[in-house]
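The structure appears right after this line, and notes come after that.
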Amino acid sequence: MRRMLCAVGALAAVLIYLIWWVTYAGIHYTPRYAVRPPGVAGEVQGTSVRLLSLTRAEQLVDTSEDKSGKSEFPDPGGVWIVAELEAVRHDPGKTFYCDTQLLGPQRRLWARAATGVGRAIPGCLPDDFAVDRLVRFEAVFLVPIRYADQLAGVALVDDSTAARTPVITPP
């Protein structure tokens, strides 16, 4: 009888551990999102980030100061999505790492695309963010055309916390 009780106790401990681990993994390893109302800023890494516009482009044209006239076209079946953002860093103890992704249907994510054209609004660089200074930046994404009209917004990824990932939308 005593052996049976020990076996049941060990089995119960293993089951409790497994239930705890599955719950923990579900919370911490599956991204959870909090979609902000249109035009409202999202908070991440001590920085408030607001999405000013989310536009679709069939080609990217060099709009930098040197105006080389270069253009870049998306891959076949794709389209450029250009997100214009502004951010203000509030916490001097934290660094904003510019980790933005585009969130689409069924939790599809697209990372920022590297492009070979200069832009009038620069991309995001963590060194540009001084405390309490407004910084405008641009993020360019390459998205399949079939998803271009189904985008949820820009996700502000912060892997250092288990909090929901804020998703900002344009006004």
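Restricting to Cα pairs below 8 Å that are 6+ residues apart, what does the relative contact order work out to for the stretch 32-168? Please round to a whole percent. So the answer I get is 34 percent.
The stretch 74-122 gives an Rg/Rh value of 1.02, both radii derived from C-alpha positions and Rh following Kirkwood. Seen from D132, the other residues with C-beta closer than 11 Å to its C-beta sum to a net charge of +1, counting Lys and Arg as +1 and Asp and Glu as -1. Scattering from the chain was approximated by placing one identical point on each alpha carbon and applying the Debye formula without solvent; log10 I(q)/I(0) at 0.11, 0.13 1/Å stands at -0.55, -0.70. For the chain, the Cys residues with no second cysteine's beta carbon closer than 4.7 Å are C6. In loop segments of the stretch 8-39 as defined by DSSP, the chymotrypsin sites (Phe, Trp or Tyr not before Pro) with at most 11 further C-beta atoms inside 10 Å of their C-beta are Y29.
Excluding the site residues themselves, the longest part of the chain lacking any GluC sites (Glu not before Pro) in a DSSP loop with at most 14 other Cβ atoms within 10 Å is 66-171.
With Cα atoms as the point set, the radius of gyration and Dmax of the stretch 8-108 evaluate to 21.5, 75 Å. Seen from a random direction on average, the alpha-carbon convex hull of the stretch 43-102 projects onto 5.6 square nanometres. Computed from label points 7 Å out along Cα-Cβ, the spacing between A162 and Y33 is 2.2 nm. For the chain, a Gaussian network of Cα nodes joined below 10 Å ranks Q106, Q59, Q150 by mean-square fluctuation, and the top entry is Q106. Taking every DSSP bridge with both residues inside the chain, close to 90 percent are antiparallel.
A short reminder: the numbers here are calculations on the coordinates, not readings from a lab. This structure is a prediction, so every number in the text was calculated from the model and none was measured. Don't worry about glycine lacking a Cβ; one is built from the backbone with ideal geometry, like all the others, and counts go over all protein chains shown.
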